[in-house]
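The values are calculated or read from the model by the stated rules, or taken from the named source; none is laboratory data. None of these values were measured; they are calculated from a predicted model. Cβ placement follows ideal geometry from the backbone for every residue including glycine, while neighbour counts extend to all protein chains displayed.
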Amino acid sequence: MKLPYFQVNAFTDQLTGGNPAGVCLLEKWPKDLTLQKIAASHLLPETAFVVPGEPKLRWFTPTTEVDLCGHATLATAHVLFQHCGEKAKELRFETRSGELKVRRKGDGYEMDFPSKEFVTIRPPAGLSSALGAAPNQVADGHYLMCVLQDEAAVHELNPDLRELELMHAHAVMVTAKGNDVDFVSRFFAPRMGVPEDYATGSAHCMLAPYWAERTGKKKLKARQLSVRGGELECEVKDNRVLLRGNAVTFIEGELSA
């Protein structure tokens, strides 16, 4: 059996930028172990699985299934719109984080995601050592968010990933006010098999509400300062976050299953 497979770079309009995601089109749902083995074989930050015509969408890192993934959702919508002839104006996916919507927006796409709540906390013991920097503020939610002094501090950060792995069940992200965008960030998830992610949509479900509160702006421009880089536009609407970005197909092929 041949399964259509794509590698898509999300949150970029460059062939070699953004965050790469695998998108595997299934005829029917196999065992979870099969999905995990496929994701592990490709060693991308995330691989998305979908049966065209069905709403269910799942995401796997090389080591585990995740509850929410923005860039692989964007990549899946791109494949369905651009390669599968999808005519609908909006796609609706049923996921472990509820219903997610993706629609065409200009040259790119707009995703409708849930806003993630957070609370300000004291820095956990060992956090500054793990980061190699003392955060100005720390907030806990779906991820651990560390606010640094400025964009340069985020860019120059060189954390100890082994220590950082102990700081949170999911991931640790750092952020600061941007120089020419509203905010910048980086995202580390070694516990989930992703040492540093390139452009993380789900992180902005926390980041966008945080910076909206502090800037008084509902619409924000964001940049993820990874080695590949990622560009996002965010809009906070009540308990939802709209994430806008582009996507580029890098590889198109088939898997033998």
Scan region 1-17 residue by residue and report those that are modelled with pLDDT under 95 and crowded, with 17+ Cβ neighbours inside 10 Å. 17
Taking the residues in region 1-26 that are of a type in the set (A, V, I, L, M) and under 17 Å from the mean Cα position of the chain (by Cα) as candidates, determine which candidate is farthest from residue 231 (Cα to Cα). 23
Failed condition for residue 29, given (1) of a type in the set (Phe, Trp, Tyr); (2) under 14 Å from the mean Cα position of the chain (by Cα); (3) not in a strand (DSSP E or B): (2)
Residue tally, condition of a type in the set (D, E, K, R) and buried (at least 20 other Cβ atoms within 10 Å of the Cβ), over region 207-229: 1
Sort out which residues of region 102-137 are touching a Ser or Thr at 6+ places or on another chain (Cβ under 7 Å) and not in a loop (DSSP other than H, G, I, E, B), and write them in order of number. 102, 111, 114, 137
What do you reckon, is residue 74 in contact with a Cys (Cβ under 8 Å, 6 or more places away or on another chain), hydrophobic (A, V, I, L, M, F, W, C) and either at pLDDT 95 or above or loosely packed, with under 13 Cβ neighbours inside 10 Å (or both)? no
Just to be sure I understand, how many residues within region 89-132 are free of Cβ contacts under 8 Å to residues at least 24 places away in the same chain, surrounded by 19 or more Cβ atoms within 10 Å (Cβ to Cβ) and within 28 Å of residue 166 (Cα to Cα)? 0
With touching a helix residue (DSSP H, G or I) at 6+ places or on another chain (Cβ under 9 Å) and not assigned by TED's automatic domain parsing to the domain that holds residue 55 as the only criterion, which of 140, 182, 150 stands out? 182
All conditions in (1) under 19 Å from residue 113 (Cα atoms); (2) in contact (Cβ under 8 Å) with a residue 60 or more places away in the chain; (3) not polar (S, T, N, Q) are true of residue 193 except (1)
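Can you say whether residue 191 is touching an Asp or Glu at 6+ places or on another chain (Cβ under 8 Å) and of a type in the set (D, E, K, R), as far as the supplied structure shows?
yes
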For residue 35, state whether it is part of a helix (DSSP H, G or I) and surrounded by 24 or more Cβ atoms within 10 Å (Cβ to Cβ). no
Look at residue 220 and say whether it is modelled with pLDDT of 95 or more, over 25 Å from residue 49 (Cα atoms), assigned to a strand (DSSP E or B) and touching an Asp or Glu at 6+ places or on another chain (Cβ under 6 Å). yes
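Suppose we keep only residues that are of a type in the set (Asp, Glu) and assigned to a loop (DSSP other than H, G, I, E, B) within region 49-68. Which one would you say is nearest to the chain's Cα centre (by Cα)?
By that ranking, first place goes to 67.
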Residue 232: assigned to a strand (DSSP E or B), assigned by TED's automatic domain parsing to the domain that holds residue 156, buried (at least 17 other Cβ atoms within 10 Å of the Cβ) and not basic (Lys, Arg), yes or no? yes
